[in-house]
Structures are given as structure tokens and as C-alpha cells.
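The values are calculated or read from the model by the stated rules, or taken from the named source; none is laboratory data. All of these numbers come straight from a predicted model, not from anything done at the bench. Every residue, glycine among them, receives a Cβ derived from its backbone with ideal geometry; neighbour counts consider all protein chains shown. Only protein heavy atoms, including side chains, enter the accessible area calculation; ligands, DNA and RNA are left aside. Shrake-Rupley method; radii C 1.70, N 1.55, O 1.52, S 1.80 Å.
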Amino acid sequence: MSDKIEKVVIIGSGPAGCTAAIYASRAGLEPLLITGSEQGGQLTTTPEIGNWPGEFGNPSGFDLMDKLQKHAKALGTRFVSAEVKKAILRGAIKELTLSSGETIRSSTVIIATGAKPRYLGVPGEEQYKGHGVSACATCDGFFYRGKDVAVLGGGSAAFTEALFLSNICNKVYLVHRRDGFRAEKVLVDKLKAVAASGKAEMVLGAVTDRVNGDGNAVKSLSLLLNDGSKRDLEVSGIFVAIGHVPATSVFADEIETDAEGYITTGHGAETQTSAEGVFAAGDCADRIYRQAITSAGQGCKAALDAERYLS
Ligand code: FAD
Ligand code: NAP
């Protein structure tokens, strides 16, 4: 183990981590950023970003994240390509063990490890990710303008996605495994009103069996209904909205998380976790907004909170 004690180590290279790195670099904190295996984060998986302020040319997620990483590097952030495999966070000096076997010590840590959409794991789903299967209607709905699509799930996210898509698509099927919903009643009522006009249909008590395609794009969704019957929906897009899984398990013994694994913040400063000197930003600590710009904003706050803690 090196004797060096870093001032700030940032874990994650998505919008939250890169923005934290930009602010920490400009504050003279010489941050070290551990990229994780998905360098650039979730956004690198989407072909077009239409809602990053100032980037009205719809850059690819990869290009946008390349710019953020270059910005952080140009300001002096050191990038290390590795995963954090073990974290000791409760003492004054934090210790992170990396996938390379190296151990890094630091006075503060900013956790920006994101959250991954939960998927079903049915046949065809993985094959057609990015070619008809998506977990973000706000991001990808535009590609299905005028087409028939399905949204999977019965929570507020699924209803929000279905309502959003009903303004763009020809018809939206909301497919849910039971008859009752977790979603807010107001959202359910809104989608029922859309369904009455024929632009949406709720397919309830339906379990997804498989995603079907022609090798290039999705063509249909096969369902098993609770009454034993089967149904195929001819759709071009399938939006999976069955919740998110925060990437926080490696920290679970060291800091407080909620029942779903999201890191709790606000233990003092806004981005402060339950461990002093450890801050969290972005999707790993945000079960509601989960957008690139909100993650970047939280990354900025975490760097400012770390700077104040150190001073
Ligand atoms: P992430 O982007 O998830 O980055 C997390 C980082 O942490 C990654 O680099 C990962 O490798 C790293 N990491 C994880 N675990 C470890 C570990 N143990 N050790 C080291 N590193 C680790 N939002 C928008 O605003 N507009 C869009 O158009 C848009 N499109 C999207 C399209 C898709 C397909 C998806 C999946 C999401 C989209 N989003 C969009 C949401 C957006 O991508 C996320 O809100 C945002 O990326 C979250 O940023 P983050 O920095 O918190 O986490
Ligand atoms: P959620 O409330 O946990 O709902 C997830 C849905 O996915 C549930 O209907 C669940 O079914 C279903 N599901 C989970 N695993 C499944 C599987 N393996 N197969 C099939 N279906 C599965 O998650 P969410 O909708 O993402 O919402 C998360 C949080 O954000 C909630 O607190 C929500 O209120 C909030 N939110 C609010 C709004 C808003 O506008 N107010 C919008 C979006 C999100 P079961 O119900 O059968 O378990």
C-alpha cells in the first residue's frame, strides 16, 4: 500500500463522477477518479442525447461522456481504470481496494457509482437492448414515433413512461404481471383516460415470456396470461420499467442505504453520507430523478461539500 493519502477519490466516471472531478480539480484538490468497468457510465449506451443543455445537436451518449472525461483530465484529474472491490469508509482515512489489487487511501471519497435499470432476464431481452428494448422512454421514445410499443411494469415509472410515449407513438400497451398497481392513482387514472381513446391498452395479469425479433430489431412480445392463455403483441419498442438497482453493494456495510440500496444523504451537508468525509452523488443516491443533468448537479454539490469538509 502506498503511503500517499489522497485528498479526494471519486468512484465512477458517469456524469456525477466527471462533474465532481471538474469541480474538485478546479478547487486544487487533485482528485483521483476510479472509472469502474463502464467508463463514462450509463449514458454511453444511448445513441442520442436530446436533453443535455446546450447540446442541441443530439450528440451520442458516448461522445458527450468523452467530452466530460476529457474536461476532467484537462484540469488534472487522474483517471484509474479499475473497480472498487472493497471499501473501508468509517475512519478518518478511507481505504479502497481496487480490482487491480492496489489499495488507495484518501481523506474524502465521493461515491458516484450510478444505478442500473432492472431487467427481466427473459429470452431475447439482452439481444435486442438498444435495438428495440430500452429502459428509458424519455431518452429513446423519439425513435418509436408513430409505432406501437409496450411498457413493462406497474409502478409510477411505467405509467409515466406509458403516458410520455402515448404522445409520440401510435399505440402503447402497458403490460403488468398483476391487476393492482404500485403507481400513483393519478397516473393510473390518466392512462385509463388515454386507453379510453384507443391510444393505450392495459394488459394485466401478464408475464413476459420472450422478446421476438428478426435479428436486427424487435418485432413482438410474447406474453403468458394468468388465465393460462398466451398473447403476442406486435410492437417495435419494449420499455422495461420494473425498477432500478443502485450499484452500492460494495459499500453496504460501511454506509447507510435505504431498503432498496440507495445511499442516504443529508447527514449534515446535502451530499454527506452516514460516514464522515464520504459523499454520494447521482443515481446511486437518487431514486427519483435519475437524469444525466441531475446527476451532474449532485456531483458538483458533492465536490463542494468535500472541499468544505477538507477546509
Ligand atoms: P452512471 O452513469 O451510472 O455511472 C456510474 C459509474 O460508476 C460508471 O462509470 C460505473 O462503471 C461506475 N461504477 C459502478 N460501480 C463501481 C465500482 N464498484 N467501482 C468503480 N466504479 C464503479 N439521462 C438523461 O438525462 N438523458 C438521456 O438521454 C438519457 N438516456 C439514457 C439512456 C439509457 C439507455 C440509460 C440506461 C440511461 C439514460 N439516461 C439519460 C439516464 C442517465 O444515463 C443517468 O441518469 C446518469 O448516467 C447517471 O449518472 P451517474 O454518474 O450517477 O451514474
Ligand atoms: P416500483 O414502484 O418499485 O415499481 C416497479 C414495478 O415493476 C412494480 O409494478 C413491480 O410489480 C414491477 N416489477 C418488478 N420486478 C418485476 C419483474 N421481475 N417482472 C415483472 N414486473 C416486475 O418502481 P418504479 O416505478 O421505478 O418507481 C420507483 C420510485 O420512483 C417509486 O417510489 C415511485 O413512486 C417513484 N416514481 C414517481 C413518479 C411520479 O411521477 N410520481 C414517476 C416515477 C417514479 P409488482 O407491483 O407486482 O411488484
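Unpaired Cys in the chain, meaning no second Cys C-beta under 4.7 Å: C18, C169, C284, C300. Here the label points at R178 and S311, each 7 Å from Cα along the C-beta direction, are separated by 5.2 nm in the simple model. The convex hull around the C-alpha trace of the stretch 26-99, projected and averaged over every direction, spans 6.4 square nanometres. Rounded to the nearest 500, the helix-only mean residue ellipticity at 222 nm of the chain stands at -7000 deg cm²/dmol, with each DSSP H run of n ≥ 4 adding -39,500 (n - 2.57).
Binning the C-alpha pair distances of the stretch 154-311 at 5 Å intervals from 0 yields a P(r) profile of 2, 8, 14, 15, 14, 12, 11, 10, 8, 5, 2, 1, 0, 0 %, listed from the shortest bin outward. Extension gain for D3 to D232 (0.36 nm times residue separation, less C-alpha to C-alpha distance): 76.3 nm.
When the inverse distances between all different Cα atoms of the stretch 30-163 are averaged and flipped, the Kirkwood radius reads 17.8 angstrom. For E201, the amide hydrogen comes within under 5 Å of the amide hydrogens of V172, Y173, L174, counting only partners 5 or more places away or on other chains and with H modelled in the peptide plane. Taken over the stretch 97-200, the convex hull of the Cα atoms encloses 169 Å³ per residue. In a fully extended conformation the segment linking R210 and K116 would gain 31.7 nm over its present Cα-Cα distance, using 0.36 nm per residue. For the stretch 102-115, backbone phi angles converted through the Karplus equation (6.51, -1.76, 1.60; θ = phi - 60°) give residue-by-residue couplings of 5, 10, 10, 10, 7, 6, 9, 9, 10, 8, 9, 8, x, 9 Hz, Gly and Pro being listed as x. Express in whole angstrom the spacing between the alpha-carbon centres of the stretch 169-229 and the stretch 240-311. Result: 33 Å between the Cα centres. Highest mean packing first, where packing is the average number of other Cβ atoms within 10 Å per residue, the peptides 300-306, 85-91 line up as 300-306, 85-91. Sparse packing (at most 13 other Cβ atoms within 10 Å of the Cβ) combined with a DSSP loop state is found for the following trypsin sites (Lys or Arg not before Pro) in the stretch 1-82: K4. Along its three principal directions, the equivalent ellipsoid of the chain from the Cα gyration tensor extends over semi-axes of 39, 19, 17 Å, largest first. Projecting each Cα onto the charge dipole of the stretch 201-288 (Lys/Arg +1, Asp/Glu -1 at the beta carbon, about the Cα centre), which of G266, V278, P246 comes out farthest on the positive side? Positive-end residue among those listed: P246. Per residue, the stretch 199-256 exposes an accessible area of 47 Å² to a 1.4 Å probe, with every protein chain left in place. The gain in end-to-end length when the S37 to K147 segment is fully stretched comes to 36.1 nm, 0.36 nm per residue minus the alpha carbon separation.
Computed from phi, the 3J(HN,Hα) profile of the stretch 192-209 under the Karplus parametrisation 6.51, -1.76, 1.60 (θ = phi - 60°) reads 4, 5, 5, 4, 4, 7, x, 8, 9, 9, 9, 10, 9, x, 10, 9, 6, 9 Hz, with x in place of Gly and Pro. Site pair A193 and H267 shows an inter-label distance of 4.4 nm when each label is modelled 7 Å from Cα along Cα→Cβ. Simple spin-label estimate for I93 and H131 gives 5.1 nm between the two label positions (7 Å along the Cα-to-Cβ direction from each Cα).
Relative to the compact-globule estimate of 2.2 N^0.38 Å, the Cα radius of gyration of the stretch 191-233 comes out at 1.37.
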